[in-house]
Amino acid sequence: MHTRLISVAELQALQASKNPAVIFDCSFDLAQPAAADALFAQIHIAGSQQAHLDRDLSTHDAALAVNGGRHPLPQREAVAAWLGRMGVDNATQVVVYDRNGSSFCVRLWWMLKWLGHDAVAVLDGGLKAWQAAGGATQGGPASACTTRTFALREPLRQLVSTETVHQRLGRPEQTVVDARATPRYRGDVEPLDPVAGHIPGALNRPFSDNFTPEGLYKSAGQLRSEWQALLGPRDAATVVHQCGSGVTATPNLLAMELAGFAPTALYAGSWSEWCRTPGLPCEKG
C-alpha cells in the first residue's frame with residue numbers, strides 16, 4: 001500500500017501489476033477554471049481519470065457544503081458517490097498528481113484520508129517527472145471506468161471549523177500555519193479575497209517551500225529540520241493548516257507527515273472563509 005508519496009518507478013511497476021492503481025489528474029488553473037478540461041484533454045498519464053477542483057473536489061451549493069470559503073468541501077457522502085462512479089472502491093490503490101507543482105492534487109489525497117481511505121499516494125514530481133522518465137501518456141477524454149461502491153469509514157485526518165479555530169485562537173493547544181505566499185500572508189497584496197492579511201498569530205510556511213527546484217518533495221530530514229525551525233518550542237501536534245481556500249494547505253500537511261510528524265489538522269475554510277466571517281480579527285504584517 002502506498003499512503004503518502006509514490007515515485008514514477010513505483011507507479012510504473014504498479015501499472016504493470018495485476019492490481020493497477022486508479023490515477024487522478026488534478027491539474028487546474030485558478031485564473032481560468034475552465035482550462036482544466038483542456039489541460040487534461042491535451043495530455044495526461046495513460047489511463048488516468050480527471051478530478052476537477054471546482055466540479056469534483058469542491059461544491060458551490062451551500063446546502064451541500066461542509067464549510068465556507070472559495071472551495072468548500074462537499075459532504076463526505078457526495079465524495080464517496082463520485083469516487084464510486086470513477087471506479088474506486090475500498091480496496092483500490094489511488095494515485096493523484098497534477099502539472100502544477102503539487103498545488104492541487106494533495107487536496108484529493110487529503111479528501112480520501114478524510115473519507116477513511118488510506119491507500120492513496122501523491123506522485124512525486126507530478127506529470128513533469130512522469131514525462132521525464134518516459135512514462136506513457138495520452139490525450140483526449142478519460143478512459144471508461146467501471147462503477148464500484150465506495151463505503152465511508154472513520155476519518156483518518158482531522159477537519160476543523162472556523163468556530164474551533166476562533167475558540168482556540170492564541171491558546172497553546174493550537175498553532176495555525178498559513179501556506180500562502182508571504183506577500184499575501186503579510187497583507188501586501190490580496191488578489192482573490194476581499195480582505196488582506198492573516199489569522200492573528202498564524203505562522204507562515206509557503207507550501208512551495210517543501211519542494212526541490214525539480215518539483216520533488218525535499219528529503220524527510222530536510223523537511224523535519226525546516227518545520228522544527230518554523231515551530232520552535234510549539235508542539236507539532238497542535239498545528240492547524242490553512243491557506244486561501246483549503247487547497248494549497250494540504251501540501252504542508254503532507255510535508256509534515258513526510259518529516260515524521262503525526263497527522264495534523266486542516267482548516268479547509270481557510271482565509272477565504274475567515275475574512276468573510278463578521279467579527280473575526282484579521283492581522284497584517
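Things worth noting here:
- Helical mean residue ellipticity (222 nm; -39500 (n - 2.57) per DSSP H run of 4+; nearest 500) of the chain: -7500 deg cm²/dmol
- The charge dipole of the chain, taken about its Cα centre with unit charges on the Cβ of Lys, Arg, Asp and Glu (plus for the first two, minus for the last two), comes to roughly 240 debye.
- Working from label points 7 Å from Cα in the Cα-to-Cβ sense, the K18 to A237 distance is 4.2 nm.
- Modelled FRET efficiency - R0 51 Å, R148 with A31, Cβ distances, 0.05 increments: 0.90
- Label zone at E226, where the point sits 7 Å out along the Cα-to-Cβ direction: region 178-216 residues whose backbone N lies under 19 Å: 178-186, 203-216
- Each Lys and Arg Cβ is given +1 and each Asp and Glu Cβ -1; about its Cα centre, region 93-193 then shows a dipole of about 160 debye.
- Stretch gain in nm, segment T3-S208, where the contour uses 0.36 nm per residue and the Cα spacing is subtracted: 71.7 nm
- Cys with no candidate disulfide partner in the chain (beta-carbon separation under 4.7 Å rule): C145, C243, C275, C282
- Oblate is the label for region 97-153, because the ratio a/c of its alpha-carbon gyration tensor axes (a ≥ b ≥ c) is 1.5 or higher and a/b is not greater than b/c.
- Peptide packing for 93-100, 54-61 was compared via the average number of neighbouring C-beta atoms within 10 Å per residue; ordered from the highest value, the list is 93-100, 54-61.
- Each peptide among 77-85, 148-156 gets the average number of other Cβ atoms lying within 10 Å of its residues, and from highest to lowest they stand as 77-85, 148-156.
- Cα lying deepest toward the dipole's positive end in the chain, options P281, Q167, F40, charges on Cβ: Q167
- Added length on full extension, which subtracts the Cα-Cα distance from 0.36 nm per residue, Q131 to R276: 48.1 nm
- Cα gyration tensor shape for region 5-138, rounded if a/c is under 1.5, else prolate or oblate: oblate
- 3J(HN,Hα) from dihedral phi, region 248-263, Karplus parametrisation 6.51/-1.76/1.60, rounded to Hz, x for glycine, proline: 7, 6, 5, x, 5, 4, 5, 4, 5, 5, 4, 6, x, 7, 5, x
- Take each peptide in 183-191, 239-247, count the other Cβ atoms within 10 Å of every residue, and average; sorted highest first, the result is 239-247, 183-191.
- Measuring nothing but alpha carbons in the chain and taking Rh as the Kirkwood radius, the Rg to Rh ratio lands at 0.95.
- Region 138-285, relative contact order in percent, only Cα pairs under 8 angstrom and at least six apart counted: 31 percent
- Using the Cβ-Cβ distance between E173 and L64 with R0 set to 25 Å, the FRET efficiency works out to roughly 0.20.
Every number in this text was worked out from the coordinates using simple rules, so none of it is lab data. None of the values given here were measured: they were computed from a predicted structure. Neighbour counts are summed over all protein chains in view; Cβ atoms, including those assigned to glycine, are modelled from backbone coordinates with ideal geometry.
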